[in-house]
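To keep things clear, I will list the structure first and then write my remarks on it.
The values are calculated or read from the model by the stated rules, or taken from the named source; none is laboratory data. In this text, all values refer to a predicted model and were calculated from it rather than measured experimentally. Neighbour counts are summed over all protein chains in view; Cβ atoms, including those assigned to glycine, are modelled from backbone coordinates with ideal geometry. Note: accessible area is taken over every heavy atom of the protein model, side chains too, but ligands, DNA and RNA are not part of it. Shrake-Rupley method; radii C 1.70, N 1.55, O 1.52, S 1.80 Å.
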Amino acid sequence: MTSQRFHIRLLVGAAVLGSGAVLTAPVSASAVDSQTRPAPTSQASIADTPARQAQGGAVVSSRQVADLTAQQIASELQGKIDSSQVRYGVTAYQVVYRTTNSAGDPTIASQLIVLPKTAGRRLSTVSWLHGTIAYRKDVASEDPASGDRLAAYLFASTGRAVSAPDYVGLGAGEGFHPYGDPRATVAAAVDALRAARTFAHRDGRELERTVQVSGFSQGGPAAMLVGRALQKEGADRYFRLGALAPVAGPFHLSAFEADAADDKIDKSGLYLAYFATAWNKTYGLYGSPSEAFRAPYDQIVEELFDGDHTTEQIAGALSPASKDLFTEDFLDKIRTPSGVLKRRLHALDTTCDWKPNVPVSLFHARGDKDVDDSHSEYCAQQLTDNGADHRLTDVGDYDHNNSVRRALPRIVRFFDEATDAD
């Protein structure tokens, strides 16, 4: 396993959509960094932004995490992502901001904001949405080796501002991670954009209204959710959707989880364990762990997915097979969902079931054994049924992690085309 990861390092290629785990000690704003920078106070600079006072997107604190030349970025990308499009150096920050959780209650979250070292004052904006992460420190704003940080560097080095939210309950955020919950996903991403706009004002920069949205694995359906919220639901009064480019997303989640229940996916048990414990926290899938998990796993599984256990710790403690981890009754529940599970899965089976009025490009790899190409084809069919124009690109015979590495340079070119056509 390489050090660069675009999603959960426990489950290589993970694409389950559930909620993460409870933080044992929520991080306070003052504890995020001893060298935090105050949010802007000049009314002239933020009077027209939606991130004011205690509203969603208000900046709580920030710290610089990287300052790189174009040559240094190219070196970071070497052997991982094609660096031929790198043009500018970048400065990156971890920014803590206000948002809401799955219940709609106020909380704080963190993100990586990357700004290019360009002379221009106005910047186009990319929202990059990451894949599945179980350990809170594996996110882009915390981990210098994160593949999501490399993705943000690539986009920013082409002259764009990048907002890469860690989602609720990960990074320097507080509370638990309601993984895959549409409400919390959209809130974290849109409020991150608002915070990025406020933060950019401090450097005398202005973010363009048009946002290009992309994401990998879990971030694929997340990108479609955020895009729909910006276009159809008026999620923000300033930002509007400009383009969509999801990569290798599990767009047919009910089918993915059923395959995991039948051990048709490598490490099926680990995928499904994360899904089950996460969704139980958010929606309630079982009364006690013993209803879902076989002994002795029922005594340890929920603690393992608390956000503070590393990938290696989780994988070392659990069987990779669903048949060994779960009761047969629970596996049947996943195979034939009903009630709240069926309703929640339906919401994530239909993230592509609308008509974007912007360019859309879906990317997948025919060699992906984690989220196979049927998921992108499923999304493409929903878009077709709604009369939406889109592209569906197979990047080649690559695995899940490499699918995004191959897709990213193509996404940059696609966003360039979308900008030129706007």
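Largest first, the three principal axis extents of the alpha carbons in the range 200-320 are 56, 33, 26 Å in whole numbers.
Solvent-accessible area of Thr350, all protein chains in place: 20 Å² (probe radius 1.4 Å, heavy atoms, ligands and nucleic acids excluded).
Measuring how big the range 320-378 is from its alpha-carbon positions, Rg and Dmax come out at 15.7, 46 Å. Placing unit charges on the Cβ atoms only, positive for Lys and Arg and negative for Asp and Glu, gives the chain a dipole magnitude near 1480 debye about its Cα centre.
Taking a sphere under 11 Å around the Cβ of Phe330 and counting the other residues whose Cβ falls inside, with K and R at +1 and D and E at -1, yields a net charge of -2.
Going by accessible area, probe 1.4 Å, with all protein chains left in place, what is the ranking of Tyr378, Tyr271, largest first? Don't jump to the answer; show the numbers that get you there.
On the way: Tyr378 65, Tyr271 0 Å².
Largest to smallest exposure gives the sequence Tyr378, Tyr271.
Rolling a 1.4 Å probe over the protein heavy atoms leaves Asp329 with an accessible area of roughly 120 Å².
Sorted largest first, the principal axis extents computed over the alpha-carbon atoms of the chain equal 61, 44, 40 Å.
Applying the Karplus relation 6.51 cos²θ - 1.76 cosθ + 1.60 with θ = phi - 60° to the range 236-244 yields 3J(HN,Hα) values of 9, 7, 9, 6, 9, 6, x, 6, 10 Hz, where x marks Gly and Pro. For Arg391, the amide hydrogen comes within under 5 Å of the amide hydrogens of Val360, Ser361, Leu362, counting only partners 5 or more places away or on other chains and with H modelled in the peptide plane. Rolling a 1.4 Å probe across all protein chains gives Ser403 an accessible area of roughly 0 Å².
A simple charge model with +1 on the Cβ of Lys and Arg, -1 on the Cβ of Asp and Glu and nothing else charged puts the dipole of the range 309-422 at about 240 debye relative to its Cα centre. The label-point distance for Arg391 and Lys117, in a model that sets each label 7 Å from Cα toward Cβ, rounds to 3.1 nm. Shown are Thr393, Thr198, whose ranking by accessible area with a 1.4 Å probe and every protein chain present, most to least, is Thr393, Thr198. Projected onto planes of every orientation and averaged, the convex hull of the alpha-carbon atoms in the range 71-173 covers 6.9 nm². Taking other residues whose beta carbon is less than 12 angstrom from the beta carbon of Leu408, and scoring Lys, Arg as +1 and Asp, Glu as -1, yields +3.
Taking max minus min of the alpha-carbon positions on each principal axis, the range 116-167 gives extents of 38, 18, 12 Å, largest first.
Note on Tyr238 and Ala70: the extension gain reaches 57.4 nm, defined as 0.36 nm multiplied by sequence separation minus the Cα-Cα distance. Residues whose amide H comes within less than 5 Å of that of Arg240, counting only those at least five positions distant or on another chain, are Thr210, Val211 (H built at 1.01 Å from N in the peptide plane). Length gained on full extension, Lys137 to Asp353: 74.4 nm, using 0.36 nm per residue less the C-alpha separation.
In straight-distance terms, cross-link reach from Lys333 covers every one of the lysines whose alpha-carbon lies under 22 Å from its own, apart from those fewer than eight places away in the same chain; here that gives Lys264, Lys267, Lys281, Lys323, Lys342. Whole-Hz Karplus values for the range 265-278 come out as 10, 4, 6, 3, x, 6, 4, 6, 5, 5, 4, 5, 5, 5 Hz, taken residue by residue from phi with 6.51 cos²θ - 1.76 cosθ + 1.60 and θ = phi - 60°; glycine and proline positions read x. All other residues whose Cβ lies under 12 angstrom from that of Ala235 are scored, Lys and Arg at +1 and Asp and Glu at -1, for a net of +3. Across all directions, the shadow cast by the convex hull of the range 133-203 built on its C-alpha atoms averages 5.1 square nanometres. Assuming charge only on the beta carbon of Lys and Arg (+1) and of Asp and Glu (-1), the dipole of the range 63-154 about its Cα centre is about 340 debye to the nearest 20. Once you sort the root eigenvalues of the Cα gyration tensor of the range 276-327 as a ≥ b ≥ c, which label holds: rounded (a/c under 1.5), prolate (a/b larger than b/c) or oblate (the other case)? Judged from the Cα gyration tensor, the range 276-327 comes out oblate (a/c at least 1.5, b/c at or above a/b).
Taking each pair of different alpha-carbon atoms in the range 305-422 once, compute 1/r for the pair, average those values, and report the inverse of that mean as the Kirkwood hydrodynamic radius in Å to one decimal.
Roughly 17.4 Å, rounded to one decimal.
Over the C-alpha atoms of the range 144-246, the Rg to Rh ratio, Rh being the Kirkwood estimate, stands at 0.94. Divide the volume of the convex hull around the Cα atoms of the range 233-382 by the residue count and you get 143 Å³ per residue.
Take 255-268, 214-227, 161-174 and order them by the average number of nearby Cβ atoms within 10 Å per residue, most first; the result is 214-227, 161-174, 255-268.
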